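Below you'll find the structure, written out as structure tokens, and then a few comments.
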Amino acid sequence: MILVMSFSAKAIEVSVFHNIFYLPDTGKNAGNYKPYIEVYWEINPQSINFVKTNDLWLSKIRTHVVFSNDNGKILEDHFALQTRPTANVDETMSEKIMDLHRYVLPYGHINMEIEFAEAFVKADSITFKDTFTINPPKDIAFYSGVQLLDTVIYSNDESAFLKNGVQQIPLSINYLDDDKNVLHYYAECYNSDKIPTTDYPLVETIYVATKGSNVPLYNLLRVDTIKAAGIRPIFGNMKITALASGNYYLNIVLENKDREKISSNSLFFQRSKKAPEKIIDTSTSGPQEKFVVIDLTKTFVEKYDIAQLKAILKMLVPISKPVEVEAIRGFTQKPDETYMRYFLYNFWTDRAGKKASEAWKAYTQKVIEVNKLFGSSSFPGYETDRGLVYLKYGAPVDRIKVENEAGSLPYEIWLYNAIAKQSTGLFLFYRPTYMVTDFKLLHSTVIGEVRNAQWRSILYANGTGSQNQNSRADEYFQNH
């Protein structure tokens, strides 16, 4: 005898999502990448029927997958997903029913059609349809789709969800409800090893923002100096307890050492949160900000107009945290006078409390000094590489200027003691042939700063640096 537990559902309720990733091509296009789709879905157990056989409750869903393009059918697949048999039907109905499959597909416009139907009971089926375009891989660095994860388990057990030695169970809908307080994400970066070493170090920024904004919300920001690779997995998570209900974007941006964008991608998602955690956020712009609201007419920031505020924010970059740098860049592109004032006020209040005005005045004196030392008719001193280092770390204990060394471009070496948790640190600036007065940062031994293993080949234009017995740069960098 077979018993059926029915919920009188007219059709299966299922949510489907997909992402495009790339694999190394081992065929005639070896050295390139071929695309594959990772398609996954979750079925609502309350929307299907369970049958009891041999004293165990279970359900089985037949699935038919078809991919096609303008030339016809590309591939199709048939299989069945069966729930875990159990004696407790209530337990079965509370378990997630998920599946994931991967298919290699061609470039171009793709039609995807997936039909779900019950195997044991006659019931209405449901068909999911979607269209998308798969672009050929680029010769320069590029990203896969950005994927939200439901669960991450560090296990090598074979399963459909195993990837890079981790069980990655993705979300089949880009929606984070009230119970989800951590956003887990995954993506892949390709071809970063093809970026010229002169662009190093490469900087990757991952952040949550509203539409059309590159200002991170609630410190939801991760900035890393990355190592180049053919394929580089990107794992991470962010605590989103302060993120209120609304629409957001998870953004990934790859930049060179000059913070020029190389590649980017983003994912739209929705958040539902009845009572978000209340925090003070001084880094955002948009409807979710929670600035400390005071009467700014009685503070040191009131006297500045919007042009002055933009210049002042740029002056703060050398001493700003990564999240503050991103906020400043956002204000530069989309100025908002009110929020710029609050940002400036909160910036110094966070650092100096009631003496914020005095701290700002002291810093302006340093900026004036930097402008005199390194400024020109083209750029103020605080926007130069030497000015940035000077404002960030102060004056060096030793500054060696080398103007006429055989075979080299003009350069400077700055020596610091007790810097960035190091006993000593060096900065090497040089003047490229296209510059008249300014110097660019070429190499440093300080943690978190530019490290360029090819600095000799750039500094010594004729390649004599390694043989030059009188090289001051070699002398310093070998002895420190």
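The values are calculated or read from the model by the stated rules, or taken from the named source; none is laboratory data. Predicted, not measured: the structure shown is a model, and the values here were computed from it. Neighbour counts are summed over all protein chains in view; Cβ atoms, including those assigned to glycine, are modelled from backbone coordinates with ideal geometry.
For segment 297-312, a residue qualifies if it is surrounded by 14 or more Cβ atoms within 10 Å (Cβ to Cβ), in a loop (DSSP other than H, G, I, E, B), at pLDDT 85 or above and not hydrophobic (A, V, I, L, M, F, W, C), and exactly one does: TYR304.
Applying the set (1) buried (at least 19 other Cβ atoms within 10 Å of the Cβ); (2) closer than 19 Å to MET98 by Cα to VAL166 leaves exactly one unmet item: (1). Beta carbons closer than 8 Å, at least 6 apart along the sequence or on distinct chains, pair a first residue in segment 169-198 that is in contact (Cβ under 8 Å) with a residue 24 or more places away in the chain with a second that is acidic (Asp, Glu) and loosely packed, with under 13 Cβ neighbours inside 10 Å for ASN191/ASP139; LYS194/ASP139. Listed by first and then second residue, the pairs with beta-carbon distance under 9 Å, at least 6 apart or on different chains, first residue in segment 121-135 and touching a residue at least 60 places away in the same chain (Cβ under 8 Å), second basic (Lys, Arg), are ALA123/LYS10; ASP124/LYS10; SER125/ARG62.
Among residues of segment 224-248 that are touching a residue at least 60 places away in the same chain (Cβ under 8 Å), those with a Cβ under 6 angstrom from a residue that is part of a loop (DSSP other than H, G, I, E, B), sequence gap 6+ or separate chain, pair up as THR225/PRO201; PRO233/ASN164; THR241/ASN181; THR241/GLU277. In segment 387-410, the residues that are within 21 Å of LEU316 (Cβ to Cβ) and assigned by TED's automatic domain parsing to the domain that holds VAL370 form no Cβ pair under 6 Å with any partner that is of a type outside the set (S, T, N, Q) and assigned to a loop (DSSP other than H, G, I, E, B), whether six or more places apart or across chains. Right, SER192: buried (at least 21 other Cβ atoms within 10 Å of the Cβ), of a type in the set (S, T, N, Q) and within 18 Å of the chain's Cα centre (by Cα) or not? Yes; evaluated as a whole, the condition is true for this residue.
For segment 183-226, what are the residues that are closer than 29 Å to LEU23 by Cβ and touching a helix residue (DSSP H, G or I) at 6+ places or on another chain (Cβ under 8 Å)? If the condition is that a residue be closer than 29 Å to LEU23 by Cβ and touching a helix residue (DSSP H, G or I) at 6+ places or on another chain (Cβ under 8 Å), then LEU202, THR205, TYR207, VAL223, ILE226 are the ones that fit.
Yes or no, residue by residue, for (1) under 22 Å from the mean Cα position of the chain (by Cα); (2) under 27 Å from PRO106 (Cα atoms); (3) part of a loop (DSSP other than H, G, I, E, B):
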{"site": "PHE128", "(1), (2), (3)": "no, yes, no"}
{"site": "PRO137", "(1), (2), (3)": "yes, yes, yes"}
{"site": "LEU148", "(1), (2), (3)": "yes, yes, no"}
{"site": "ASN156", "(1), (2), (3)": "no, no, yes"}
{"site": "ALA160", "(1), (2), (3)": "no, yes, yes"}
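Listed by position, the helices (runs of 4 or more DSSP H) enclosed by segment 368-480 that each have at least 2 residues that are at pLDDT 95 or above, in contact with a strand residue (DSSP E or B) (Cβ under 9 Å, 6 or more places away or on another chain) and at negative phi are 385-393.
If the requirement is being farther than 27 Å from LYS227 by Cα and of a type in the set (Asp, Glu), which of these qualifies: ASP130, ASP139?
Values: ASP139 fails: farther than 27 Å from LYS227 by Cα.
Just a single option satisfies the conditions, and that option is ASP130.
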